[in-house]
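Notes follow once the structure below has been shown.
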Amino acid sequence: MILVDTSAWIEYFRNGNSTIVRSVDTCLDRNLIIIGDLIYCEIMQGIKIKREREKVSSLLLSLPQYEMVGFHIAQKSAMNYRNLRSKGVTVRKTIDVIIGTFCVENNLKLVHFDRDFDFMASHIGLEIYNL
């Protein structure tokens, strides 16, 4: 299964980076994508036009839904953040460490358009989905 990060959804909905758009399209066609509550929140808070919000929400809520944070993921994320810092890797947003940790703990691959995930991948065992 695949988790698509907010950064990749933005590229997808804006028809931006062609590699990301193809990756998301392929995963959607194969019914491989799940949606996490944190990612849903990030996407929906950024859409200003009601009609677009409804269309995007409909697509995202048609996917299998997961709650991403509980104490287990919070503990693992804090540990991963400290370990990354000790190796000189500073992730700009805590939510990215949570997303990466969630993927690792649930054996999910990640589609993203955010360099922080590339920096943390080899250190925490995060698998990046590439076509």
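The values are calculated or read from the model by the stated rules, or taken from the named source; none is laboratory data. Everything numeric in this text was worked out from a predicted model, so none of it was measured. Backbone-built Cβ (ideal geometry, glycine too); neighbour counts: all protein chains shown.
Okay, here's what the table says:
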read-out	value
Residues of the stretch 1-26 that turn out to be under 9 Å from the mean Cα position of the chain (by Cα) and surrounded by fewer than 14 Cβ atoms within 10 Å (Cβ to Cβ), as a count	0
Residues satisfying the stated conditions in the stretch 95-116, i.e. exposed (fewer than 13 other Cβ atoms within 10 Å of the Cβ) and either under 24 Å from Phe13 (Cβ atoms) or at pLDDT below 95 (or both)	Arg115
The stretch 27-42 - residue that is outside any strand (DSSP E or B) and surrounded by 15 or more Cβ atoms within 10 Å (Cβ to Cβ) and, of those, nearest to the chain's Cα centre (by Cα)	Ile39
Residue in the stretch 32-51 that is nearest to Ile95 (Cα to Cα), counting only those that are in contact (Cβ under 8 Å) with a residue 24 or more places away in the chain and charged (D, E, K, R)	Glu42
Members of the stretch 6-20 that are polar (S, T, N, Q) and part of a loop (DSSP other than H, G, I, E, B)	Asn15, Asn17
Filtered residues of the stretch 61-82 (kept if farther than 23 Å from Asn130 by Cα, among the hydrophobic types (A, V, I, L, M, F, W, C) and either assigned to a loop (DSSP other than H, G, I, E, B) or in contact (Cβ under 8 Å) with a residue 24 or more places away in the chain (or both))	Leu61, Val69, Ile73, Ala74
In the stretch 103-131, residue nearest to Ile34 (Cα to Cα) [restricted to those that are in a helix (DSSP H, G or I) and β-branched (Val, Ile, Thr)]	Val104
Selection count, the stretch 88-127, where residues are of a type in the set (Val, Ile, Thr) and within 20 Å of Glu42 (Cα to Cα)	8
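Conditions (1) of a type in the set (Gly, Ala, Ser); (2) in a helix (DSSP H, G or I); (3) within 18 Å of the chain's Cα centre (by Cα); (4) over 20 Å from Val24 (Cβ atoms), marked per residue:
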{"site": "Arg53", "(1), (2), (3), (4)": "no, yes, no, no"}
{"site": "Leu59", "(1), (2), (3), (4)": "no, yes, yes, no"}
{"site": "Leu84", "(1), (2), (3), (4)": "no, yes, no, yes"}
{"site": "Val89", "(1), (2), (3), (4)": "no, no, no, yes"}
{"site": "Ile98", "(1), (2), (3), (4)": "no, yes, yes, yes"}
